[in-house]
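This report concerns only the one structure given below.
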Amino acid sequence: VYSCCYLSRRLNQLSSHDPLWKRHCKKYWLISDEEKSQRNQSWKAIFISTYSDLGRYIQCYATLKKAWDDLEKYLGQRCPRMIGSLKESVREEDLDAVEAQIGCKLPDDYRCSFRIHNGQKLVVPGLMGSMALSNHYRSEDLLDIDTAAGGFQQRQGLKQCLPLTFCIHTGLSQYMALESVEGRNKYEIFYQCPDQMARNPSAIDMFITGTSYLEWFTSYVNKVVTGGYPIIRDQIFRYVHDKECVATTGDITVSVSTSFLPELSSVHPPHYFFTYRIRIEMSKDALPEKACQLDSRYWRITNAKGDVEEVQGPGVVGEFPIISPGRVYEYTSCTTFSTTSGYMEGYYTFHCLYYKDKFFNVTIPRFHMVCPTFKVSTARMVSEGAVKETNHNEYAVDEDEDSTDTDEYEDRRRVLDIPAPSGRCPHHT
């Protein structure tokens with residue numbers, strides 16, 4: 001008995017040893033020494049009080065809190081207007097009330113994120129990224145919990161789906177499935193894509209963007225804070241740049257980044273829309289007589305079936321940019337594929353300004369475009385008997401369209417230090 005009492009006393013002393021709680025506070029709640037000093041509590045007291053409030057999220061809180069902290073720090077210096085649109089956290093009872101309202105349980109990682117920030121106000125630019133192409137523009141906001149609950153879907157094709165984002169320009173949303181219904185996995189996140197060829201209007205295909213809220217949100221934040229997405233004029237543009245997608249010819253370097261646009265794409269009929277952003281730069285160490293002007297472009301476009309299309313035309317997006325030492329020219333264009341992936345490569349032809357009869361080609365590196373994993377609507381498969389065994393996102397669809405070079409489209413173009421011209425670029429001129 002004496003031994004047991006002594007052991008219990010020692011365990012009690014050990015459990016009250018404050019430095020032991022410091023490690024847990026830092027690991028699970030990301031409490032800093034500075035914050036501890038401000039709270040004027042022991043590490044043990046801080047851990048217990050925080051656990052009583054956020055204990056159900058102990059496995060995901062630190063990951064989401066770090067993501068939010070990193071995002072705020074990064075955007076605070078680059079997009080302060082966007083940071084100002086973030087809403088304060090919600091309470092547990094607010095989240096419980098939403099669950100009662102929609103009749104579905106919210107996943108803990110989603111709830112945890114809203115205990116840190118309750119999404120953002122419906123403003124432009126949106127926290128979840130922007131995209132601009134000719135006269136098409138979108139910017140996605142991260143919805144607050146009440147707005148999301150108001151958009152909760154029970155209609156056929158989107159049963160028990162909760163919107164996570166919203167674009168006021170296009171009506172575009174990313175949804176999270178709260179139950180495994182209509183062929184969706186529970187907590188899967190996706191863009192809806194109405195099946196234009198189905199007899200059933202509720203047939204909705206899915207471009208999948210995440211398998212859980214935690215994975216979806218943290219992977220997006222990582223892309224932003226590591227510079228994977230460019231910040232242009234106080235907005236996050238969701239262009240992905242492959243670091244190997246760069247080609248240098250003499251003093252000129254060409255690099256490419258790409259993006260898939262789900263709102264302009266469809267599975268049925270097969271039409272996958274991509275936009276690409278090209279940067280042409282002349283080394284600042286180049287000699288002044290190396291200044292040159294772009295005359296024409298040549299593209300070799302290959303789809304997933306190996307079909308090749310060659311396109312040649314004057315200028316780019318209706319322009320004939322002049323490149324000189326240290327100058328940069330950027331433009332955005334787009335292309336479509338009837339297959340789920342494809343790639344482009346080619347060259348630009350320039351002439352020297354000092355030696356007008358001297359022409360040379362500049363390599364455009366090969367860049368690949370692949371649409372996200374998608375699922376074909378179960379409503380279409382049931383109503384038309386179209387159930388087929390397929391691999392990943394290569395579903396059995398009719399692919400009878402050619403890829404299209406639409407270099408005449410334009411989002412924005414700029415020679416750095418020269419104002420961008422106004423007006424929109426004509427289509428196929």
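The values are calculated or read from the model by the stated rules, or taken from the named source; none is laboratory data. Quantities reported herein were computed from a predicted structural model and do not represent experimental measurements. Glycine also receives a Cβ, built like all others from the backbone with ideal geometry; neighbour counts cover every protein chain displayed. Just the protein is used for accessible areas: all its heavy atoms, side chains included, with ligands, DNA and RNA removed. Shrake-Rupley method; radii C 1.70, N 1.55, O 1.52, S 1.80 Å.
Structure data summary
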item	result
From Leu172, Leu162, Leu143, Leu95, residue being assigned by the TED database to the domain that holds Ala198, surrounded by fewer than 22 Cβ atoms within 10 Å (Cβ to Cβ), touching a strand residue (DSSP E or B) at 6+ places or on another chain (Cβ under 8 Å) and at negative phi	Leu172
Hey, Asp205 open to solvent by less than 10 Å² (accessible area, probe 1.4 Å) and among the charged types (D, E, K, R) or not	yes
Members of the stretch 62-92 that are under 29 Å from Gly150 (Cβ atoms), of a type outside the set (Val, Ile, Thr) and open to solvent by less than 40 Å² (accessible area, probe 1.4 Å)	Leu64, Ala67, Trp68, Leu71, Leu75, Cys79, Met82, Ser85, Leu86, Glu92
Cross-chain or 6+ apart pairs with Cβ under 7 Å, the stretch 42-61 first and open to solvent by less than 40 Å² (accessible area, probe 1.4 Å), then of a type in the set (A, V, I, L, M) and not in a helix (DSSP H, G or I)	Ile46/Ile31
Residue that is surrounded by the fewest Cβ atoms within 10 Å (Cβ to Cβ) [pool: residues in the stretch 264-295 that are within 22 Å of Ile231 (Cβ to Cβ) and of a type outside the set (Lys, Arg)]	Glu281
Scope the stretch 98-118; condition open to solvent by less than 40 Å² (accessible area, probe 1.4 Å) and not in a helix (DSSP H, G or I); matching residues	Cys104, Leu106, Pro107, His117, Asn118
Pick from the stretch 175-187, criterion touching a residue at least 24 places away in the same chain (Cβ under 8 Å) and surrounded by 20 or more Cβ atoms within 10 Å (Cβ to Cβ), ranking: farthest from Leu75 (Cα to Cα)	Glu182
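Yes or no, residue by residue, for (1) more than 24 Å from Phe114 (Cα to Cα); (2) within 12 Å of the chain's Cα centre (by Cα); (3) free of Cβ contacts under 8 Å to residues at least 40 places away in the same chain:
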{"position": "Phe217", "(1), (2), (3)": "no, yes, no"}
{"position": "Lys243", "(1), (2), (3)": "yes, no, yes"}
{"position": "Thr253", "(1), (2), (3)": "yes, no, yes"}
{"position": "Pro262", "(1), (2), (3)": "yes, yes, no"}
